[in-house]
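Worksheet for the structure shown next.
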Amino acid sequence: LNQKLAVVSARRLAAPMRTVPTVLCDVAAAFTILYMQFVINIAYFILILKVDFGNVNGWLFLGGAFYSLLGVLNGYFIGTVVQKSDSLQNSIMMGTTMFSCFLAGLMVGNIRMAIELTVPIVNRINPATLIADSMQALCIMGDMKKFTSCLFGISIWCVCLIGGSMFVVMLRQKRAGRSVAKA
């Protein structure tokens with residue numbers, strides 16, 4: 001697998017294509033795949049399991065687009081920052097995701113309330129909490145204000161992650177250009 005990635009990386013470095021379009025194409029392809037998985041899962045819940053999400057299906061799919069984009073950009077950011085083995089990248093990705101889910105109360109129910117009482121800012125910026133709160137606001141409470149507030153928080157995360165990824169990629173490209181010029 002690493003040899004295949006090295007070949008792709010070498011081909012990309014040799015290609016006369018700018019960084020930004022390449023990154024956007026990568027993100028768009030990964031987003032499309034992840035969002036289609038979301039749509040298939042929701043279709044399974046609605047059509048096969050007969051889960052009633054209420055009269056919010058359009059908003060549900062909009063939220064799914066935000067969740068999918070956040071997941072793709074999180075993976076892309078970790079992939080650009082951590083330039084080590086695939087297993088280390090996967091470990092960091094799983095570790096950060098699991099820690100975020102733990103803080104959201106998805107593993108231990110009382111932890112979210114304890115965080116809300118002690119450091120409520122964590123619940124306002126934690127991606128897993130934003131996703132869980134947006135789904136709860138949409139499907140259970142019908143609170144569109146809370147739903148849009150959570151989507152706004154997720155979109156801020158998306159902007160930060162893509163900005164950080166682009167910064168790291170361009171910094172590496174600039175550094176690689178200097179080292180080639182010196183040689």
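The values are calculated or read from the model by the stated rules, or taken from the named source; none is laboratory data. From a predicted model like this one, the values you see are computed outputs, not experimental measurements. Methodologically, a virtual Cβ is constructed for each residue, glycine included, from the backbone with ideal geometry; neighbour enumeration extends over all protein chains shown. Remember, those area values only see protein heavy atoms, side chains included, never the ligands or the DNA or RNA. Shrake-Rupley method; radii C 1.70, N 1.55, O 1.52, S 1.80 Å.
For the reader, a short list of remarks on this structure follows.
- Of all residues in region 106-118, those satisfying the criterion of being of a type in the set (A, V, I, L, M, F, W, C) and either in contact with a strand residue (DSSP E or B) (Cβ under 7 Å, 6 or more places away or on another chain) or open to solvent by 50 Å² or more (accessible area, probe 1.4 Å) (or both) are LEU106, MET107, VAL108, MET113, LEU117.
- Count - residues of region 119-134 that are in contact (Cβ under 8 Å) with a residue 24 or more places away in the chain and open to solvent by less than 40 Å² (accessible area, probe 1.4 Å): 7
- Options PHE45, PHE31: the member that is open to solvent by 40 Å² or more (accessible area, probe 1.4 Å), among the aromatic types (Phe, Trp, Tyr) and at pLDDT 95 or above: PHE31
- Residues that are without any contact (Cβ under 8 Å) to a residue 24 or more places away in the chain and out of contact with any Lys or Arg (no Cβ under 9 Å at 6 or more places or on another chain) were ranked within region 135-144; the one that is farthest from GLY54 (Cα to Cα) is ASP143.
- Inter-residue pairs, beta-carbon under 8 Å, first of a type in the set (S, T, N, Q) and in region 99-114, second open to solvent by less than 50 Å² (accessible area, probe 1.4 Å) and outside any helix (DSSP H, G or I), 6+ apart: SER100/ASN126
- Some residue of region 11-18 being more than 23 Å from GLY163 (Cβ to Cβ), surrounded by 11 or more Cβ atoms within 10 Å (Cβ to Cβ) and either at pLDDT below 95 or in contact with a Lys or Arg (Cβ under 6 Å, 6 or more places away or on another chain) (or both): no
- Boolean, MET170 is out of contact with any Phe, Trp or Tyr (no Cβ under 9 Å at 6 or more places or on another chain) and not in a helix (DSSP H, G or I): no
- Residue among MET141, MET166, MET170 that alone is more than 30 Å from ILE46 (Cβ to Cβ) and open to solvent by 80 Å² or more (accessible area, probe 1.4 Å): MET170
- Of all the criteria given as (1) within 30 Å of CYS25 (Cα to Cα); (2) touching a residue at least 40 places away in the same chain (Cβ under 8 Å); (3) within 21 Å of the chain's Cα centre (by Cα), the one not satisfied by PHE152 is (2).
- Any hit, region 157-178, residues being under 28 Å from PHE53 (Cα atoms) and at pLDDT below 90: no
- Verdict on LEU88 being in a helix (DSSP H, G or I), open to solvent by 50 Å² or more (accessible area, probe 1.4 Å) and among the hydrophobic types (A, V, I, L, M, F, W, C): yes
- Pair list, Cβ < 8 Å and 6+ apart or interchain, from region 19-36 residues that are without any contact (Cβ under 8 Å) to a residue 24 or more places away in the chain to residues that are assigned to a helix (DSSP H, G or I) and surrounded by 12 or more Cβ atoms within 10 Å (Cβ to Cβ): THR22/ARG12
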